[in-house]
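Written below as C-alpha cells is the structure these notes are about.
Read-outs throughout are calculated quantities, based only on the coordinates presented, and are distinct from any laboratory measurement. From a predicted model like this one, the values you see are computed outputs, not experimental measurements. Cβ placement follows ideal geometry from the backbone for every residue including glycine, while neighbour counts extend to all protein chains displayed.
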Amino acid sequence: MELSPRLFTLLLMLLEWTRPGLPSPLRPICDLRVLKHFIEEARDAQAAMLTCKEGCGLPEPVTVPQTKVDFSVWERKNALEQAHEVQSGLWLLNQAIGSLRASVTNTALHSHIDNSLINIFRIGKVLRSLNIQECTPPAGEVSRGEETWRVSSASELLQVHVNFLRGKLQLLLSNAPVCH
C-alpha cells in the first residue's frame, strides 16, 4: 500500500491535531489532611504491633531518624536543608520498616507494615509534587549532620515513624513555598 505525499501529510496533521496533550506536571498537594491520613495509618500499624505477642520482633537494632525538633535550629535551616533532612529520615524509615517486614512472621501484621512502606513511597510523591527533590543517602551514610539513633523493638520503630510524620514531615509540608 502506497500513500501519496498529500495523504501522508494530511494523516500527520490529523494525528498531531488529535494526539493527547503532554502529561501535565504533578499538581502540588498542599492539603495537610493527606498527611493526617498517613499519620493515622502509621498509628494503626503501631497499635497492631503493640498487640502482637509472637513473630513480630526485629532481629537486630535498626537506625532511625531523630524525631526531636529544636525549632530554633530548624528555622535557621534553609528549605533545601530541611527537605534533605526529611528525605534522609524517610529513607532511613523505609530501610528500617523494610527490615521489619522481612523479619515479621506474624501474617496479621504484614498488611500494616506493607501500608507503612507504601505510604513512605506516597509521601515521596507528595514531596515531588511540592518540587522537593528526592535524595538517597550514599550507601552506609546518612546526610551530614543528620541525627540518628537505634531502636531494637518493632513498637519503638513504629513510634518513631509516627513521631517523624507528626514532627519534621509536617513542619516541612506546612511551610512548603508552593503552598503559600
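Filter the stretch 69-86 for residues that are in contact (Cβ under 8 Å) with a residue 12 or more places away in the chain and out of contact with any Ser or Thr (no Cβ under 6 Å at 6 or more places or on another chain); which is surrounded by the fewest Cβ atoms within 10 Å (Cβ to Cβ)? Don't jump to the end; show me each part of the working.
Here is the first cut: in the stretch 69-86, the residues in contact (Cβ under 8 Å) with a residue 12 or more places away in the chain are 69, 74, 79, 82-86.
With the extra rule that they be out of contact with any Ser or Thr (no Cβ under 6 Å at 6 or more places or on another chain), the set shrinks to 69, 74, 79, 82-83, 85-86.
On the way: V69: 16, W74: 16, A79: 13, Q82: 18, A83: 20, E85: 24, V86: 23.
By that ranking, first place goes to A79.
Filtered by the rule that a residue be buried (at least 16 other Cβ atoms within 10 Å of the Cβ) and farther than 14 Å from H161 by Cα, the stretch 49-62 gives C52, C56, G57, L58. The residues on offer are G98, G89, and the sole one that is within 14 Å of the chain's Cα centre (by Cα), of a type outside the set (D, E, K, R), surrounded by fewer than 16 Cβ atoms within 10 Å (Cβ to Cβ) and closer than 19 Å to Q159 by Cβ is G98.
Please indicate, with yes or no, whether at least one residue in the stretch 60-71 is assigned to a helix (DSSP H, G or I) and not hydrophobic (A, V, I, L, M, F, W, C). Can you show your working first?
Step one: list which residues in the stretch 60-71 are assigned to a helix (DSSP H, G or I), which gives 71.
Retained after the next criterion (residues that are not hydrophobic (A, V, I, L, M, F, W, C)): none.
The answer is no, given that none of the residues of the stretch 60-71 is assigned to a helix (DSSP H, G or I) and not hydrophobic (A, V, I, L, M, F, W, C).
Number of residues in the stretch 101-131 that are touching a helix residue (DSSP H, G or I) at 6+ places or on another chain (Cβ under 9 Å), surrounded by fewer than 16 Cβ atoms within 10 Å (Cβ to Cβ) and outside any helix (DSSP H, G or I): the value is 1.
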